[in-house]
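Student: Please see the structure below; I have some questions.
The values are calculated or read from the model by the stated rules, or taken from the named source; none is laboratory data. What you are looking at is a predicted structure, and each value in this text was computed from that prediction instead of being measured. The area values use the complete protein model at the heavy-atom level, side chains included, leaving out ligands, DNA and RNA. Shrake-Rupley method; radii C 1.70, N 1.55, O 1.52, S 1.80 Å.
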Amino acid sequence: MPEIVQLLASPTHRFVGRPADGPAPAPAGELVDEVEVRAELGIVGDRYFGKAAHREASVTVIAAESLPPGAGLAQVRRNILTRGIAVDELVGSVLVLDSGEGPVRLRANRAAHPCAWMDITIGPGAWRGLRGRGGIRCTPVTGGVLRVGPVDVLVEDGPARQRT
């Protein structure tokens with residue numbers, strides 16, 4: 001069964017300046033057991049919540065299968081880490097996740113490309129290794145609560161994927 005492995009809601013940006021200088025310290029409590037998602041705004045408490053410039057990328061999702069052992073959301077700075085969902089194939093679709101509180105619909109707008117920070121936070125070669133597997137940037141279409149653990153998944157065709 002698919003699952004949500006980790007959730008991250010961080011109020012701060014950690015990747016600032018040059019990667020060689022290292023990331024800023026992680027704030028306490030950025031990895032959480034549940035998040036509140038609000039339609040068109042993002043994850044409550046996250047650094048991109050309600051920011052107009054990030055409306056189409058306010059929630060990011062990555063597959064655990066894309067990461068090397070031991071890597072997680074603290075290293076890649078995505079919001080939702082899943083297992084059993086091929087998220088990189090979902091651009092143009094709506095990903096519907098229900099962890100027991102009702103469905104949360106996320107419109108997958110575009111790929112989330114890795115950056116040079118990955119070589120610092122995960123290890124040498126991670127930036128190149130994650131190309132094409134860095135996850136997706138989404139807009140929440142509906143709000144709700146997501147929790148770590150088993151999740152029901154539905155993929156709806158979005159306008160970019162519908163066939164005529």
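Student: Once you have the Kirkwood Rh of the stretch 93-164 from its Cα pairs, apply Stokes-Einstein at 37 °C and 0.692 mPa s and quote D in µm²/s.
Tutor: Details: Rh = 14.0 Å.
The Stokes-Einstein estimate is 235 µm²/s.
Student: Compute the distance from the alpha-carbon center of the stretch 103-148 to that of the stretch 58-84, in whole Å.
Tutor: 7
Student: Another one. Out of the total accessible area of the chain (probe 1.4 Å, heavy atoms of protein only), what percent is carbon and sulfur? Provide the component values of the computation, followed by the final result.
Tutor: Working: 4210 of 8040 Å².
Carbon plus sulfur share of accessible area: 52 percent.
Student: Tell me, what is the per residue accessible area of the chain in Å², probe radius 1.4 Å?
Tutor: Computed with neighbouring chains in place, this is 49 Å² per residue.
Student: Further question: Which three extents, in angstrom, do the Cα atoms of the chain have along their principal axes, listed largest first?
Tutor: 46, 33, 32
Student: When the helix-only estimate is applied to the chain (DSSP H runs of n ≥ 4, each -39,500 (n - 2.57), divided by the residue count), what is the mean residue ellipticity at 222 nm, nearest 500 deg cm²/dmol?
Tutor: -1500 deg cm²/dmol
Student: Assuming 0.890 mPa s and 25 °C, estimate D for the stretch 29-72 with Stokes-Einstein, Rh taken as the Kirkwood radius over Cα pairs, in µm²/s. It would help to have the intermediate numbers written out before the result.
Tutor: On the way: Rh = 11.9 Å.
D, rounded to a whole number, is 206 µm²/s.
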